[in-house]
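Please read the structure below before turning to the comments.
Derivation of every value follows stated rules applied to the coordinates shown; laboratory data play no part. Predicted model only: the values in this text are computed from it and were never measured.
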Amino acid sequence: MECPRCKNSLKIVSVDGVKVDACQDGCGGIWFDAFELEKMDQPDESAGWLLENMRIDLGIEVDFKKQVECPHCDGVKLMQQKYPANDRIAIDKCRVCGGVWLDFGELFQIRSANPSTAEANQRVSSALLRGLKNC
Ligand SMILES: [Zn+2]
Ligand SMILES: [Zn+2]
């Protein structure tokens, strides 16, 4: 499958026993097939793992405001929905296949939504900032 944001080819990554399609070495977004997101016991933990293990290509330009198409269904646009566990977070869901696309920043928001992971969060954000400075 192709990344709906940057057209990189998505790689299958296993996280918390669930296989997801990750835009590794691209924009860092993740595709969850229908119910995969719900299958995760602790989505904030999984999001944290992904944040630490994703390699992002900071050189690519991505328009995060653009409405993306489902990588699974031809010509179907994803609809913005509220993340069930935290309605301040918007996720992109396909109304046909039920899959969900999370941008890297949304993973970060899911992770941040849990106050107990604030420390780990800081570690990730400082690692990201270091990466940015090296560019
Ligand atoms: Zn991508
Ligand atoms: Zn779909």
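Details
- Note on Lys77: lysines with a C-alpha under 20 Å away, same-chain residues under 8 apart excluded, are Lys7, Lys65, Lys66, Lys93.
- Extension gain from Asp87 to Ile60, taking 0.36 nm per residue of separation minus the Cα-Cα distance: 6.8 nm
- When you restrict to C-alpha pairs under 8 Å that are six or more residues apart and normalise by the size of segment 11-128, the relative contact order lands at 26 percent.
- Overall dimensions of segment 11-128 by Cα: Rg and Dmax, Å: 13.6, 41
- Gain in span if fully extended, Phe35 to Lys7, counting 0.36 nm per residue against the direct Cα distance: 7.7 nm
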